[in-house]
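Some notes on the structure that comes next.
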Amino acid sequence: MSYTGRVKVGGPADVRELPGAVIAKLAVGTMNNNAYLVRCTATGEALLIDAAAEPDRLTEFVRLGGETAAAVLTTHRHQDHWQGLAALVAQTGARTLAGFDDASGIPVPTDRRLRHGDTVHVGNLELRAIHLRGHTPGSIALYYQDATGQGHLFTGDSLFPGGVGKTLKPADFQSLLSDVEERIFGVYDDATWFYPGHGDDSTLGAERPHLDEWRERGW
């Protein structure tokens, strides 16, 4: 079956097989968070993105297609994105990664603090960190380009189908929208598929025509 990106809490993971990589998506917790697994098929090494909740399910999830995940990235410091992190790290020994400006707000020590433009290696795969300021000060998205040239973007709560993530002040909204425009839409093509922290996936091409609308409405 082809990947759709539609998952529900308590349901199975949705798995996308790519040349040299596997991306899997699982919904967990009372806030319907998405957790993602990126695995290099050549080496078996894997990265989990957001140990949001239900650590027992996540421990099973990270074994999908290979051994456990070697590292966990927390996209930002909000509690619903790290509630399963301590238990998962204790069970797996995984290294922890987070944005430089959000790491202090995550109650599990961060082994590597990421800045804009840093690279994260998962076996033979290379992902690039994108710092998006506004939803939180240190939110991090990750970009991966597969062997066919297709882009894959993990956006946390900074970009969703229909708009950017929630912000509390107009200045934060302007900051986030500006970063999303300059660092995502200004860099990556319309075919880029993005995977948000909650809900369904989308593509940059589907969302690009609405940027002016988002700016005008202010959220």
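Within the range 88-132, being closer than 21 Å to LEU176 by Cβ, of a type in the set (D, E, K, R) and surrounded by fewer than 19 Cβ atoms within 10 Å (Cβ to Cβ) holds for ARG113, ARG115, ASP118, ARG128.
Of all residues in the range 9-29, those that are in contact (Cβ under 8 Å) with a residue 40 or more places away in the chain and farther than 22 Å from ILE140 by Cβ total 4.
Can you say whether ILE184 is buried (at least 19 other Cβ atoms within 10 Å of the Cβ) and either among the basic types (Lys, Arg) or within 18 Å of ALA206 (Cβ to Cβ) (or both), as far as the supplied structure shows? In short, yes.
Summed over the range 182-219, residues that are touching a helix residue (DSSP H, G or I) at 6+ places or on another chain (Cβ under 9 Å) and part of a helix (DSSP H, G or I) total 8.
Within the range 1-24, the residues that satisfy the criterion of being small (Gly, Ala, Ser) and either farther than 24 Å from ARG128 by Cα or not in a loop (DSSP other than H, G, I, E, B) (or both) are SER2, GLY10, GLY11, ALA13, ALA21, ALA24. For the range 139-153, check the following and say yes or no: at least one residue is in contact with a Pro (Cβ under 8 Å, 6 or more places away or on another chain) and either within 17 Å of SER175 (Cβ to Cβ) or small (Gly, Ala, Ser) (or both). Looking for residues that are in contact with a Pro (Cβ under 8 Å, 6 or more places away or on another chain) and either within 17 Å of SER175 (Cβ to Cβ) or small (Gly, Ala, Ser) (or both), one finds at least one in the range 139-153, hence yes. Scanning the range 62-81 for residues that are outside any loop (DSSP other than H, G, I, E, B) and buried (at least 24 other Cβ atoms within 10 Å of the Cβ) gives VAL72, LEU73, THR74, HIS81.
Could you tell me whether any residue of the range 35-52 is at positive phi and surrounded by fewer than 24 Cβ atoms within 10 Å (Cβ to Cβ)? Yes - at least one qualifying residue is present in the range 35-52. Of all residues in the range 137-149 being in a loop (DSSP other than H, G, I, E, B) and touching a strand residue (DSSP E or B) at 6+ places or on another chain (Cβ under 7 Å), which is farthest from HIS78 (Cα to Cα)? Step by step, filter the range 137-149, then rank; the result is ASP146.
Go over the candidates ALA53, ALA35, ALA27 one by one and state the one that is under 16 Å from the mean Cα position of the chain (by Cα), modelled with pLDDT of 95 or more and in a loop (DSSP other than H, G, I, E, B).
Exactly one residue qualifies, and that residue is ALA53.
The values are calculated or read from the model by the stated rules, or taken from the named source; none is laboratory data. Note that the coordinates shown come from a computational prediction; the quantities given were computed from them, not determined experimentally. Backbone-built Cβ (ideal geometry, glycine too); neighbour counts: all protein chains shown.
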